[in-house]
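Trainee: Here it is: the structure, laid out below.
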There are 2 protein chains.
Amino acid sequence: MLAPQRQAAILDRVRAAGGVRVSDLAAEFGVSDMTIRRDLEALADRGLLAKVHGGATSVQPGSTDEPGFAAKSIRQRSEKAAIAVRAAQLVTPGTAVALSAGTTTAELAQRLVDVPELTVVTNSIPVADVFYRAGRPDQTVVLTGGVRTPSDALVGPVAVAAIRSLHLDVLFLGVHGMSERAGFTTPNLMEADTNRALIAAAERLVVLADHTKWGTVGISSIAELSEAHVVVSDAALPPPARATLTEHVEELVIVP
Amino acid sequence: MLAPQRQAAILDRVRAAGGVRVSDLAAEFGVSDMTIRRDLEALADRGLLAKVHGGATSVQPGSTDEPGFAAKSIRQRSEKAAIAVRAAQLVTPGTAVALSAGTTTAELAQRLVDVPELTVVTNSIPVADVFYRAGRPDQTVVLTGGVRTPSDALVGPVAVAAIRSLHLDVLFLGVHGMSERAGFTTPNLMEADTNRALIAAAERLVVLADHTKWGTVGISSIAELSEAHVVVSDAALPPPARATLTEHVEELVIVP
DNA sequence: GCGGTAGTGTTCAAATCTGTTCACTTGCGT
DNA sequence: ACGCAAGTGAACAGATTTGAACACTACCGC
């Protein structure tokens, strides 16, 4: 077995089990402890796991801040952050806003903890956590109920029923794909249901989608392009996409 | 198991149950008391929990509580654990159970992750977390929505509405106080509403209450004593309390 | 108050893990 | 053929973790 293969396998083990032991890996791959240690050191240098006495553990997300998720997505994250900053400007103090589940909306949540008198409705546990940790007494956070998906969203009939009983001023929706034909889409059927309920409960719809989302089509449609009032995206969005979006939505906001 | 993994697991337990005992953890992880103490010390140094005589508690309540309260709650933990073990025996695989918020129900949750085909409804984020981390595909966990209280319970109209749409076989209810006159009580008005909704949605009501709860009266009544089908308590419950409870409820279960 | 029980921290030894150094093999290009 | 760089294994000294013993302390019931 080649070293890069072995390291990839180690990484899988760490991700799956949460932690590995040097001695176990050495026995399993039939190499010496030293070799495993060197593998772990290489992986730790790339920020893919954390070396500890006796082995290694997966890097725990959220413990400190955002320890390098993967080198390649750094740039995309800064675009998401920029989109979140711009979207935060669309929020008026004292209103009721909804945030769907997703990394971009989680980023937006961080920017909204300073908005006074805000009422926030979300089906994302991480998003609710952001506001809860801030602990502002003038803000109200409502978590919709439901069944938890692997991406920490709450979905299903309970979530939909909870959302139906509420009326929001504006929904910030993170999507997985958008195209002229399919509109806004997600790969998760249950999440699509929940998101449609959120759209129905909100006066206005703001979609947050970086340029990589254009042309991607998830299995399940959430809404037509024309249902969005505002789409916030980044400068790398190609001109044809801009033209199509401008045609369908009230306002297309591009962040630098 | 690696030391950092063990410490992370300890932290989870503390957050879920509000407190842990050294001896319990030592038995659970198969290490010596000293090792657990050193883990707790390391975590306490990082401000992640508070060490007390006999174990550790979540760092939250340290600011307002009089000294001694935390230690006392730790000492009662083994009683709560025994109550949880006994209550777990009342659960039939394949049924739909509800768990209210509270440290005792969190303890019970740990005992229920091994029950096959279980559907769990709860308004407690820590309880939902316990099942979510176990990640059993045959179990369904439904989190009711609502506004988050300082004790990580979800309450309010959204929670009540979500619960009303569901029908459960049995509810395990943790209470803060019980007495003949006031029945089962809690100090939190909003939680009382949610708990009443849970009672209405469930066929049977099992109340979990260690002996210290007898004679305590919270501001808000949840239910009459006679509304409970089963009460599970511990051996330190005084004879007069036993007599009164036996008179009102179908079954009084005392754990040794 | 006072004794008994349970919990705590210190100290020490054993076990285990770690990184460094050096030797060896293998594949590659000059 | 030769050098050489990368990868690996072995040995060893030093560091870390763990468990047990023991003297000390805190808490509870009486």
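Trainee: How far is residue B:250 from the same spot in each other copy, in nm, shortest first, if each label point sits 7 Å from Cα toward Cβ?
Mentor: So the label point of residue B:250 gives 5.6 nm to the other copies.
Trainee: In addition: For labels at residue A:8 and residue A:180 in the simple 7 Å Cα→Cβ model, what's the distance in nm?
Mentor: Label at residue A:8, label at residue A:180, 3.8 nm between them.
Trainee: Right, next: Can you give the Rg to Rh ratio for the protein assembly as shown, taking only C-alpha atoms and Rh from Kirkwood?
Mentor: With Rg and the Kirkwood Rh in hand, the quotient comes to 1.00.
Trainee: Report the relative contact order of chain B, percent, no decimals, based on alpha-carbon pairs under 8 angstrom and at least 6 residues apart.
Mentor: Relative contact order comes out at 14 percent.
Trainee: Expressed as a whole percentage, what fraction of the accessible surface of chain B belongs to carbon and sulfur atoms when a 1.4 Å probe is rolled over the protein heavy atoms?
Mentor: Looking at chain B in its full context, I get 53 percent from C and S.
Trainee: Can you find, among A:102, A:5, A:177, the residue farthest towards the positive end of the dipole of chain A? Put +1 on the C-beta of Lys and Arg, -1 on that of Asp and Glu.
Mentor: A:5
Trainee: Shifting gears a bit: Between 0 and 90 degrees, rounded to the nearest ten: what's the tilt of helix A:239-248 against the longest Cα principal axis of chain A?
Mentor: With rounding to tens, the tilt is 40 degrees.
Trainee: In addition: Among the DSSP beta bridges whose two residues both lie in the protein assembly as shown, what percent are antiparallel, rounded to the nearest 5?
Mentor: Once the DSSP bridges in the protein assembly as shown are tallied, antiparallel ones form about 40 percent.
Trainee: Follow-up question, since we're still on this one. Using a label point 7 Å beyond Cα on the Cα-Cβ vector, give me the inter-copy distances for residue A:59 in nanometres, one decimal, shortest first.
Mentor: Listed shortest first, these distances are 2.3 nm.
Trainee: Moving on. What is the calculated FRET efficiency for residue B:243 to residue B:38, with r their C-beta to C-beta distance and R₀ = 51 Å, to the nearest 0.05?
Mentor: Computed FRET efficiency for residue B:243 and residue B:38: 0.65.
Trainee: Follow-up. Counting residues in segment A:3-57 as N, plug N into 2.2 N^0.38 Å and put the Cα Rg over that result.
Mentor: Dividing the Cα radius of gyration by 2.2 N^0.38 Å gives 0.94.
Trainee: Something else: In Å and whole numbers, how far do the C-alpha atoms of segment A:189-256 stretch along each principal axis, longest first?
Mentor: Largest first, segment A:189-256 extends 31, 26, 19 Å along its Cα principal axes.
Trainee: Enumerate the amide H contacts of residue B:204 below 5 Å, restricted to partners 5 or more residues apart or on another chain; note that Pro and chain-start residues carry no placed amide H.
Mentor: B:170, B:171
Trainee: Once every Cα of segment B:77-255 carries one equal point scatterer and solvent is ignored, give the base-10 log of I(q)/I(0) from the Debye formula at q = 0.08, 0.13, 0.14, 0.16 Å⁻¹, two decimals.
Mentor: -0.21, -0.57, -0.67, -0.89
Trainee: Follow-up. Would you mind working out the magnitude of the charge dipole of segment A:3-57 relative to its Cα centre, with +1 at each Lys and Arg C-beta and -1 at each Asp and Glu C-beta, to the nearest 20 Debye?
Mentor: 100 debye
Trainee: Still on this model: Got the relative contact order for segment B:204-256 handy, in percent, Cα pairs under 8 Å and 6 or more residues apart?
Mentor: Rounded, it is 41 percent for segment B:204-256.
Trainee: Starting from the Cα-Cα distance between residue B:78 and residue B:29, subtract it from 0.36 nm times their residue separation and give me the gain in nm to one decimal.
Mentor: Gain on extension, residue B:78 to residue B:29, equals 16.0 nm.
Trainee: By how many degrees, between 0 and 90 and to the nearest 10, does the Cα long axis of helix A:125-134 differ from the longest principal axis of chain A?
Mentor: 80 degrees
Trainee: Among B:74, A:116, B:132, whose Cα projects farthest towards the positive end of the dipole of the protein assembly as shown, with charges put on the beta-carbon of Lys, Arg (+1) and Asp, Glu (-1)?
Mentor: The one lying farthest along the dipole's positive direction is B:74.
Trainee: Here is a follow-up. Looking only at chain B, where both bridge partners belong to it, what percent of the DSSP beta bridges are antiparallel (to the nearest 5)?
Mentor: Close to 40 percent.
Trainee: Might you report the magnitude of the Cβ-based charge dipole of segment A:146-256 about its Cα centre, with Lys and Arg at +1 and Asp and Glu at -1, to the nearest 20 debye?
Mentor: Charge dipole, segment A:146-256, about its Cα centre: 260 debye, nearest 20.
Trainee: For label points placed 7 Å from Cα toward Cβ, what is the shortest-first list of nm distances from residue B:236 to its copies?
Mentor: Label-point distances to the other copies, shortest first: 6.1 nm.
Trainee: In Å and from the alpha-carbon atoms only, list the Rg and Dmax of segment A:124-196.
Mentor: 13.5, 44
The values are calculated or read from the model by the stated rules, or taken from the named source; none is laboratory data. Since this is a predicted model, take the numbers as computed values, not measurements. Reconstructed Cβ throughout: ideal geometry from the backbone, glycine too, with neighbour counts over all protein chains shown. All accessible areas refer to the heavy atoms of the entire protein, side chains included, with ligands and DNA or RNA removed. Shrake-Rupley method; radii C 1.70, N 1.55, O 1.52, S 1.80 Å.
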